[in-house]
Ligand SMILES: [Zn+2]
């Protein structure tokens, strides 16, 4: 499971793999493992005859670098992959909320030292103390921080706290909070560009591609299990019909945003017409695996040999 192929300063969720490392990954994978497309995996699960130690490559969310950086490299090595796309950012050319949040909290050079922010049913009161100004030392500390570790700074703590609060909320409430944060932060937060998502034209081109397949990842990337069946249906089936229309065919694969799902989600995904769905649990697939709960390994920004070690631990 990849998200972005890019080199960035701050990446608390390990979403980015550098282009150099990505090319090493493709070389390592090609040399050491059979590589299947998602469709081939779905067919093999149907027949119960799985190719041993095979790999399937997927990319979540639909960042522009998937098209501009990953696609040409996949072509160079003739390796198939599936891109799971969230439709609203794509159709509205809007940024993902976590990128906006990171830009405001972790990259704004000067923030007000006090924040009072209504969020969900709560009011967050926070003081940045000495961290209102983004010093070189603070920037360095943020660039090495990972979200699964305790936050080493006030800014990291604030980011992590708001992230946790925003994740279960519906899209419009996330956007409301981000709007309030942007106003609080002043114009300076817009100084660094946010990573962009693919355009409609790029998705159309991908849908014709012989190596690349497109799959569903909802309309607005909600943590589905936190929402009612009706909202889940709207997000899953609505996202599918938007992509079906864009790609002019019926898509068959889906990835749960944040790997978050419950039994209702699984049903909703099957009823929407998807025949295979991916989680974010790092487990290998066997012929007994439920085809709506296929595990995936999140690939960190590591070298080819390091990747091989990680994969072999799972197999
Ligand atoms: Zn996602």
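Structure data summary
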quantity	calculated
As computed over segment 39-139, the Cα convex hull volume per residue (Å³)	225
Cα→Cβ-extended label distance, 7 Å offset, between residue 116 and residue 13, nm	3.1
Fraction of antiparallel bridges per DSSP, the chain only, in percent to nearest 5	30
Potential extension, residue 244-residue 298 segment - 0.36 nm per residue separation minus Cα distance	16.8 nm
Principal axes of the chain: Cα extent on each, largest first, Å	60, 45, 35
FRET efficiency, 1/(1 + (r/R0)^6) with R0 30 Å, evaluated for residue 50 and residue 75 via beta carbons	0.70
Per-residue Cβ neighbour rank within 10 angstrom, fewest leading, 87, 252, 264	264, 252, 87
MRE, 222 nm, helices only [DSSP H, n ≥ 4, -39500 (n - 2.57), over the chain, to nearest 500]	-12500 deg cm²/dmol
Computed FRET value (nearest 0.05) for residue 266 with residue 30, which takes r as the C-beta separation and R₀ as 35 Å	0.60
Rg to Rh quotient for segment 231-311, alpha carbon positions, Kirkwood Rh	1.05
Coarse-grained scattering of segment 264-315 at q = 0.24 Å⁻¹, given as base-10 log I(q)/I(0) from a Debye sum over alpha-carbon atoms	-0.90
FRET efficiency, 1/(1 + (r/R0)^6) with R0 22 Å, evaluated for residue 184 and residue 135 via beta carbons	0.65
Distance from segment 20-56 to segment 85-105 (C-alpha centre basis), Å	30
In range of the label at residue 286: residues from segment 20-58 whose backbone nitrogen is under 15 Å from the point 7 Å along Cα→Cβ	48-53
Reduced Cα scattering model of segment 97-190, Debye log10 I(q)/I(0), q = 0.23 Å⁻¹	-1.30
Length-normalised contact order for the chain - Cα pairs under 8 Å, 6+ apart - percent	22
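Rule-based calculations on the coordinates, nothing more; no lab input. Not measured: the values here are computed from a predicted model. Because the Cβ atoms are built from the backbone with ideal geometry, glycine has one as well, and the counts that use them run over all protein chains shown.
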